[in-house]
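The values are calculated or read from the model by the stated rules, or taken from the named source; none is laboratory data. If you're wondering where the values come from, they're calculated on a predicted model, not measured in any experiment. FYI the Cβ positions are ideal-geometry reconstructions off the backbone, even for glycines, and counts take in every protein chain you see.
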């Protein structure tokens, strides 16, 4: 059961509204890596989770993201206010916001694409979902960082820094929850990989040119790695 | 530049076609965690990547996923063959496959939803993209594991085990590439989190009931964690 | 700011799980007229609303719908439980739920379509939004009614009846809020309609046949109505 | 069966083409509250309708909306004409219109989102569909009103006023059709609401702050209303 | 301006309703190659067309497709009638049709995907649009042919044969309109292709295996064709 | 099996980056008529194709389109480079590219719409698929032509001319493959059209006005054509 309190989780002060920046902010309201996506991903994972302790964590963080949705929505609304009817020129007016939405926020991204559950990653397997969440938090962090780069308004910067910080907090929590599950770093589900193929690295992009050059690194040499060169060409040669 | 060789990366043998299972397999052809999603996510990240060595890795693995797309498509097609015109009853016929597609495969998932680039996670920030890829491989691995559970056909099981194994291989490669970037485990981008808020864990879901009970764990206690109880209620109380 | 309490708003008891019915229930979880749509429509309208009293109402009801989302999600999950890995036959298994989601719920409708913000109607004009909400509640009510028709499980019927009832409650609240705004029944926004055209009813579908017959009623005769016959034909005739 | 006459329902005169305004107009051509949505919603409802008289009304109005689609499309095309190949600068050119569409209109909204049937509300229950239609007309009316605010061209204003006026006409017709169905204002379908819960108003958003304050009104007090305060908190308290 | 006459363009008689077949028919109501797609593609092309004679043809055929939409919708509705409330078992009930739509048709395809304008091909270049239309008619023709294969009901077969026939009629009309435009068979727009590259056929898929073998034909040899073997390999070799 | 070579199929040189033009180029990267659409349409058709020779052709061309995708993606990336973090002003920044994608390309069109498999036409019937491909090539050709009109950069013009030219090459190949199948120009599938209806042209749009005038041409007169005037009106008249 949910309850709402009529205060923002983080107080937002905006100096001069900036319509263009408000539109950018919609990415974190109704966009692919935004707060609704986070809230829904963790809350739905939590609803499905059979591990009672990590279920509680998913609900804690999922609920916090709803409060973030409200903060970013309020911030965007302050910046978009000049789009209210009769207060902006045609050149400024984003038609979806000004004409359809009457100058308010809606669950669209910065380009007017409607939010879709295709943004969510819900697998019902805890060690998988936690990895999806770590990645989601990393994406949200970099998005906030880039947004901060595009504003000079101190109050806006502060609020975005708070939200950005919380992504790191959640990343740490998801990482700790994953590491204490008692599973190996590449142990997903129950079925083991086939030993014949698991350590082969196929060098499927070769040569050098405008698109770079062939390289080796700890992801294809050392340890158990076996580097296999150009399997498609090898196949072709073996048939001739 | 791409070249195609007219052989599958892994030879596929199917005993008795199983239309229902063929439809399930479409998840890995045109679904959210499927091979086209993997191929496109890594190849587009590779195109954008400025780190020449990891760019090569992204192109190697992205190209391999194209070959996987062909394997899973061929496997699905073998299972769906009875849906070709005039060879199946109305009860068996999936209309999208049998009527629209003439019994062949298309870039839909198991429910007929068209593949969409909303499935992809491409941030242009390498330490973020690698985390998105690790999570993507984990999701693909569990999906193959579940598919294997639904078939008894030995040839099908073998092909799916090969594909499942390769997801673990890629996960290992992405993890090694991430760990050798020289960034801390929670270091994303350039801006540091705000120290005042980064270690606070907000207990936003409380009480006990059908939906579980409050819990603590390494994700909210120990180390630097500061557990903050029920901030919404606290706010409400402080105003009264 | 939001808080979550670990109890359902309405206690749900399910006798025998019914996978087919669980799939139907997803309409009210992630479908066009479902609880997420209601929660988001009213909460986003509330965020944008400048009338403080009706804003409060929108937030009250929007928050309640989040609790409904949790009830319907829990109910669907109970019915879908047999789809957890290894517990169902291929014939029973909905691939999106069993294979991709591991037997849990996700924000899809009964056919696996992802929830989209295109379901929402948010205009930023209060007398318009309230009408959209009245219609939304009417749709949700009839959907619950039809769902109740498809189950014999007493606990399920009870929970659905509770949720169905609440839609009527909200409909009454929205209607009262609309009627006390001090606007006429056809007064939308500021601009008056053009008196020359507003009372003309164009009879654009004529004749009789498999598709019915021409009719009159209080929607085109009596009062101020002026019935205009077949304007397209008239235009054509006038040119010949 | 349909027939088309090569004249517009309302003659459109445009002074100076205004590309930016033409793009805005696409909201009413291929957008969520636009004329195709209206035409399809009413015509499909009409096809399904078993009440012969109201079926005729749905077909009359659905057909008129097709004629409106043609008017708004013609108007948008006049304003977008400078986007025809070789006639506009890169700065002016909307790529989807100028490059993909060759300067013509397509069934997109102002942001290039493709029209989708997710915009439609078709329930197959007449008293529900009529409410959806009343709300749809209200949304279309306010959209036209806002569009009128963004143009100074007299011919454009006239045409938009005509279209705006007709939305009110249709709203009146749908309202009359609803009121004469012989159903109570909150009577939807067949199943009655549960008397125990129907008159309870849950105060689920409380406190005061940046997001407003608690309020009462005819939507939660007076008449049969029973105001229930903060059920989530109450639940929590009762368990401690 | 449009007018609707209350008779179907082709009288439809259905013996025994067949719910499963009705669902299949939705492909031609709200599916990718269905009648709404045809009606909208031709009518919107017509609206944009500057060639007065071919514009008339596009409007004639676009209008006829609206009448087809009505025929296929009526036919689907007859087959789906048992899905009306209280008349079908849970096993038969398609939730989207039975629960959400009350047993009527909506603008979805056979899998419940909403119709989208992404199905349309409108380029604003007449010699391009006509080719898109020829292809669209060919797809619609084969879809009807496959549908006819899945029914034994004589009245249904007759109606579908009528609709299938008309696709050939339109294909002939579009072909005649294209051939009399005075453009060469490969003349599109204004810019000529680069003579250096236009006759080179790149053999980019080579070898032989499960996926076939290398082949030549009139599409890569004879006439002006120059067959270029394996350019990617050649590039690689040239750099070593 | 696929192999990637680290060189572009056509070397791309860009003088001054042009962000606005880079955004336009995304149409051919992730847009409806772009290179991914071409690559996937032909490759998936090829996977399904039972005619070994034309299957080879579909794979040859499908693979070439993957190389085109890489060329256009590289070209777009060069033009979009100023959108990398910290290098562009807010006015220039497309939020989806600059904020979400970090200045790189993604599989979106010029308006930020995600690529969708709804763009593809895959029927599993060779004479139909080839027509869909001819039309697809024609659309891609005109799109490149219009893009060329919007740039003055010589290197960009050259690369686009190469890509445009190849569309004509493919159009010729598909046309030759179609013409040598041994089927008549209007022979699709197996079922013949109904002779009673196939040569009737219905004049469903009549009169003259802003929308043009009635016309005849080789698409409705001469040969076998029988011109039928205004069938809807005729029906109406016959009933009165």
*Boolean, residue A:71 is more than 7 Å from every other protein chain (Cβ to nearest Cβ) and in contact (Cβ under 8 Å) with a residue 40 or more places away in the chain*: yes
_Being in contact with a helix residue (DSSP H, G or I) (Cβ under 8 Å, 6 or more places away or on another chain) and within 14 Å of chain A (Cβ to nearest Cβ) is true for just one of D:232, D:173. Which residue is that?_
D:232
*Considering only region A:43-56, state which residues are over 18 Å from residue A:3 (Cα atoms) and surrounded by 23 or more Cβ atoms within 10 Å (Cβ to Cβ).*
A:45, A:48, A:54
*Among the residues of region E:1-40, count how many are crowded, with 24+ Cβ neighbours inside 10 Å and without any contact (Cβ under 8 Å) to a residue 24 or more places away in the chain.*
4
*Kindly indicate whether residue A:169 is out of contact with any strand residue (DSSP E or B) (no Cβ under 8 Å at 6 or more places or on another chain) and assigned by TED's automatic domain parsing to the domain that holds residue A:42.*
no
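Looking at residue F:175, is it surrounded by fewer than 21 Cβ atoms within 10 Å (Cβ to Cβ) and under 30 Å from residue F:76 (Cβ atoms)? Working first, answer last.
Numbers: surrounded by fewer than 21 Cβ atoms within 10 Å (Cβ to Cβ): yes; under 30 Å from residue F:76 (Cβ atoms): yes.
Yes, satisfied.
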*asked:* Exactly one condition in (1) surrounded by fewer than 24 Cβ atoms within 10 Å (Cβ to Cβ); (2) without any contact (Cβ under 8 Å) to a residue 24 or more places away in the chain; (3) not in a loop (DSSP other than H, G, I, E, B) is false for residue A:60; which is it?
replied: (1)
*Among the residues of region E:122-155, count how many are assigned to a helix (DSSP H, G or I) and over 21 Å from residue D:108 (Cβ atoms).*
20
*asked:* Pull out all pairs, ordered by first then second residue, where Cβ-Cβ is under 8 Å, the residues are six or more apart or on different chains, the first lies in region F:161-172 and is at pLDDT below 95, and the second is assigned to a helix (DSSP H, G or I) and crowded, with 24+ Cβ neighbours inside 10 Å.
replied: none
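Residue-by-condition table, conditions (1) more than 8 Å from chain B (Cβ to nearest Cβ); (2) out of contact with any strand residue (DSSP E or B) (no Cβ under 9 Å at 6 or more places or on another chain); (3) at negative phi; (4) modelled with pLDDT under 95:
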| site | (1), (2), (3), (4) |
| --- | --- |
| F:24 | yes, yes, yes, no |
| F:33 | yes, yes, yes, no |
| F:37 | yes, yes, yes, no |
| F:46 | yes, no, yes, no |
| F:58 | yes, no, yes, no |
| F:78 | yes, yes, yes, no |
| F:83 | yes, yes, yes, yes |
| F:98 | yes, yes, yes, yes |
| F:113 | yes, no, yes, no |
*Can you find even one residue in region B:42-53 that is closer than 18 Å to residue B:144 by Cβ, under 17 Å from the mean Cα position of the chain (by Cα) and part of a helix (DSSP H, G or I)?*
yes
*Report yes if some residue within region D:131-143 is without any contact (Cβ under 8 Å) to a residue 24 or more places away in the chain, farther than 30 Å from residue F:144 by Cα and more than 14 Å from chain E (Cβ to nearest Cβ); otherwise report no.*
yes
*asked:* Could you check region B:198-207 and list, in sequence order, the residues that are facing chain C (nearest Cβ under 7 Å) and part of a loop (DSSP other than H, G, I, E, B)?
replied: B:204, B:207
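Residues that are outside the structural domain of residue E:142 (by TED's automatic domain parsing), under 22 Å from residue A:234 (Cβ atoms), under 29 Å from the mean Cα position of the chain (by Cα) and part of a loop (DSSP other than H, G, I, E, B): does region E:210-218 have at least one? If you could, list the steps in order and put the result at the bottom.
Pass one, region E:210-218, residues outside the structural domain of residue E:142 (by TED's automatic domain parsing): E:210-218.
After this cut, where a residue has to be under 22 Å from residue A:234 (Cβ atoms) as well, the list is E:210-214.
Those left that are additionally under 29 Å from the mean Cα position of the chain (by Cα): E:211-212.
Restricting the remaining residues to those that are part of a loop (DSSP other than H, G, I, E, B) gives E:211.
Yes, that holds for at least one residue.
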_Of the residues D:195, D:210, only one is more than 7 Å from every other protein chain (Cβ to nearest Cβ), surrounded by fewer than 19 Cβ atoms within 10 Å (Cβ to Cβ) and without any contact (Cβ under 8 Å) to a residue 12 or more places away in the chain; which?_
D:195
*Given the conditions (1) farther than 20 Å from residue B:106 by Cα; (2) part of a helix (DSSP H, G or I), report the number of the one that residue B:15 does not fulfil.*
(2)
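Tell me whether region B:116-125 contains one or more residues that are within 14 Å of chain F (Cβ to nearest Cβ), in contact with a strand residue (DSSP E or B) (Cβ under 9 Å, 6 or more places away or on another chain) and free of Cβ contacts under 8 Å to residues at least 60 places away in the same chain. Let's see the steps before the verdict.
Initially, region B:116-125 is screened for residues within 14 Å of chain F (Cβ to nearest Cβ), giving B:116-125.
Going one step further and asking which of them are in contact with a strand residue (DSSP E or B) (Cβ under 9 Å, 6 or more places away or on another chain), we end up with B:116-120.
This time we only want the ones that are free of Cβ contacts under 8 Å to residues at least 60 places away in the same chain, so: B:116, B:118.
So far as region B:116-125 goes, yes, one or more of its residues are within 14 Å of chain F (Cβ to nearest Cβ), in contact with a strand residue (DSSP E or B) (Cβ under 9 Å, 6 or more places away or on another chain) and free of Cβ contacts under 8 Å to residues at least 60 places away in the same chain.
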*Can you find even one residue in region B:184-191 that is within 14 Å of chain C (Cβ to nearest Cβ) and either assigned to a loop (DSSP other than H, G, I, E, B) or in contact (Cβ under 8 Å) with a residue 12 or more places away in the chain (or both)?*
no
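Among the residues of region E:88-95, is any assigned to a helix (DSSP H, G or I), within 8 Å of chain D (Cβ to nearest Cβ) and either touching a helix residue (DSSP H, G or I) at 6+ places or on another chain (Cβ under 6 Å) or surrounded by 24 or more Cβ atoms within 10 Å (Cβ to Cβ) (or both)?
Going residue by residue through region E:88-95, those that are assigned to a helix (DSSP H, G or I) are E:95.
Pick out the ones that are also within 8 Å of chain D (Cβ to nearest Cβ) and you get none.
No, region E:88-95 contains no residue that is assigned to a helix (DSSP H, G or I), within 8 Å of chain D (Cβ to nearest Cβ) and either touching a helix residue (DSSP H, G or I) at 6+ places or on another chain (Cβ under 6 Å) or surrounded by 24 or more Cβ atoms within 10 Å (Cβ to Cβ) (or both).
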